[in-house]
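Note sheet for the following structure.
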Amino acid sequence: MAVTVASMLTQKGTDVLTVGPKEPISAAVEVLAANNVGALVVSSDGSRVEGILSERDVVRHLQEAGTGVLELPVSEAMTVEVKTCERADTSDQLMARMTASRVRHLPVVDEGALAGIISIGDVVRYRLEELETAASSLREYITGSSY
């Protein structure tokens, strides 16, 4: 049975790093680096998802426009069509959505408000735990004992 986003958030927490759309990209890069994360949700109020700024977005814009892009507002480089998820979504659904959309981060939205964020690393970690639990159960069933 696949784990839900709600279960993941219970374990990992609901904190989400955000950046305002008018902030310079250089400020966003500092937050990305200081927190060792790959994306920031773009939000003026910390609740409404207006976009997402990923490392990929920054690198793509640096390649196109050079280092001057760092002084532009985040809104110039952010992805506007944000793929999101909900608390009831499962790890299987997240994996499929991330693969199909080629994204590594899905903000969690609950009744229109930002409620967390799930990364591909989170999905892989929980999926591995599911597989380890299933393997352990099979070993116990086959051998008639527990490890």
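In contact (Cβ under 8 Å) with a residue 24 or more places away in the chain, part of a loop (DSSP other than H, G, I, E, B), crowded, with 16+ Cβ neighbours inside 10 Å and in contact with a Leu (Cβ under 9 Å, 6 or more places away or on another chain), is that true of VAL108?
No.
Within the group ARG56, ARG48, which residue is among the charged types (D, E, K, R) and more than 22 Å from ALA115 (Cα to Cα)?
After applying the criteria, what remains is ARG56.
Determine if region 127-135 includes at least one residue that is more than 14 Å from the chain's Cα centre (by Cα), at pLDDT 95 or above and surrounded by fewer than 17 Cβ atoms within 10 Å (Cβ to Cβ).
Scanning region 127-135, I find no residue that is more than 14 Å from the chain's Cα centre (by Cα), at pLDDT 95 or above and surrounded by fewer than 17 Cβ atoms within 10 Å (Cβ to Cβ), so the answer is no.
Based on this model, can you work out whether ALA96 counts as in a helix (DSSP H, G or I), closer than 18 Å to THR4 by Cβ and out of contact with any helix residue (DSSP H, G or I) (no Cβ under 9 Å at 6 or more places or on another chain)?
So ALA96 fits the description; yes.
Just give me the residues in region 47-90 being surrounded by 19 or more Cβ atoms within 10 Å (Cβ to Cβ) and in contact with an Asp or Glu (Cβ under 7 Å, 6 or more places away or on another chain), in sequence order.
Matches in region 47-90: VAL74, ALA77, MET78.
The values are calculated or read from the model by the stated rules, or taken from the named source; none is laboratory data. Worth saying up front: this structure is predicted, and the values here are computed from it rather than measured. Counting neighbours? That spans all protein chains shown, and the Cβs are built from the backbone with ideal geometry, glycine included.
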